[in-house]
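The values are calculated or read from the model by the stated rules, or taken from the named source; none is laboratory data. Quick caveat: nothing in here was measured; it's all calculated off a predicted structure. Here the Cβ positions follow ideal geometry from the backbone for every residue, glycine too, while neighbour counts run over all protein chains shown. Accessible surface areas use protein heavy atoms only, side chains included; no ligands, DNA or RNA. Shrake-Rupley method; radii C 1.70, N 1.55, O 1.52, S 1.80 Å.
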Amino acid sequence: MGRKEIRGFDDRNDGFFTVSGLGSQCRLQDETFVPGGLFASVGQMGVGFGISPDSTNPRNNGGNKLPYADLYMKYLSWMEGFWVPGANEEEGVVKKKKVGLKLKVKVANPSLRRLMSGAVAGAVSRTCVAPLETIRTHLMVGSSGNSSTEVFHNIMQTDGWKGLFRGNFVNVIRVAPSKAIELFVYDTVNKNLSPKPGEAPKLPISASFIAGACAGVSSTMCTYPLELLKTRLTIQRDVYNGLFDAFLKILREEGPAELYRGLAPSLIGVIPYSATNYFAYDTLRKAYRKIFKQERIGNIETLLIGSAAGAFSSSVTFPLEVARKQMQVGALSGRQVYKNVIHALVSIFEKEGMPGLFRGLGPSCMKLVPAAGISFMCYEACKRILVEDDGEE
């Protein structure tokens, strides 16, 4: 049988100690140590053999304590999945990190990050709702039927699935820069107008409301010609061979001013919609943080919040959209010509009542509500992917 004794340090004073019967040794010099499975064994075997990591143990037979035992126990208690008897329970708790793929792209310029995030958000959201946009456009002009189902069947019989995405490439080209400019302006203006914690509000009106209005005006002014080209390609598909052909024909036959025809009514509709949309989105995000006590909002929550904001803003501002469409169509179809938006709203209300001001709200929300939710979700997700440095969370 092997020897049962344990010798802490020998007479050579060279820093060696041996454990009889185990055949293992470790050098300790300059207050350093090399941890291993041996120290766990010593900590567990010390009870009953005269060596204990805890001098208060009643079975320590004289209170002999192995040098550096505290360091051994402290180090081992930090090791993941390892628990040492006698170690501090708080130190023994191991926090497991979440395992998952985190995509990070380094973009140093914050303005460029916002523009890129907005462009991706616009392209993805519009592609997802392209069929709804096509059906909505045909319903507004009455070219393929009087209901969403009828329009869908007519498009499928005439052009197939490709017909539902007709003009989507042009739509993406238009929406990507438009959404990039819109979200960039909103983030920038809102950040500058929002008061810091503890400060009084800079304006009597909500910063997000003003920032949303500025965002809508900026994006519309910059991308309105593309909106006009997209509408022409969708409705007059036999007249033009593509985006560039439509652009040249309009310039040659109707002049440059034609590219901005209807800009004023569009701005009248865009400003209240954009302002209420971003105001509702910002308000709902603040309410979510306050109710659930969470600073970071997930993708699904952002999708739902963005969709709710889109539904609210679409419903509130839809009468202005109806009046704008009536003003545009009236002159072409021989109907009553309205002097201005107020005249159009009053006339529609007198003839058709309140339902007339909200006619077509359902199909409009079918496209605008999911588009708003997807857009906000993609924008926030892209901002987390595009970081200033590699270590940013």
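Computed quantities for the displayed model
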| quantity | calculated |
| --- | --- |
| Tabulated pairs, segment 107-124, first under 9 Å from residue 177 (Cα atoms), second at pLDDT 85 or above and open to solvent by 40 Å² or more (accessible area, probe 1.4 Å), C-beta under 7 angstrom, 6+ apart or interchain | 115/184; 118/184; 119/177 |
| Whichever residue in segment 113-166 is on the phi > 0 side of the Ramachandran plot and open to solvent by less than 30 Å² (accessible area, probe 1.4 Å) and, among such residues, is modelled with the highest pLDDT | 160 |
| Selection count, segment 361-393, where residues are in contact with a Leu (Cβ under 8 Å, 6 or more places away or on another chain) and modelled with pLDDT under 85 | 3 |
| Filtered residue count, segment 273-304, keeping only those that are of a type outside the set (Phe, Trp, Tyr), open to solvent by less than 20 Å² (accessible area, probe 1.4 Å) and within 15 Å of the chain's Cα centre (by Cα) | 2 |
| Contacts under 6 angstrom Cβ, first residue in segment 225-243 being charged (D, E, K, R), partner buried (at least 17 other Cβ atoms within 10 Å of the Cβ) and part of a loop (DSSP other than H, G, I, E, B), 6 or more apart | 230/167 |
| Test result for residue 197, farther than 24 Å from residue 269 by Cβ and modelled with pLDDT of 85 or more | no |
| Selection from segment 332-341 of residues that are in a helix (DSSP H, G or I) and either exposed (fewer than 14 other Cβ atoms within 10 Å of the Cβ) or modelled with pLDDT of 85 or more (or both) | 332, 333 |
| Some residue of segment 342-360 being modelled with pLDDT under 80, open to solvent by 30 Å² or more (accessible area, probe 1.4 Å) and under 22 Å from residue 148 (Cα atoms) | yes |
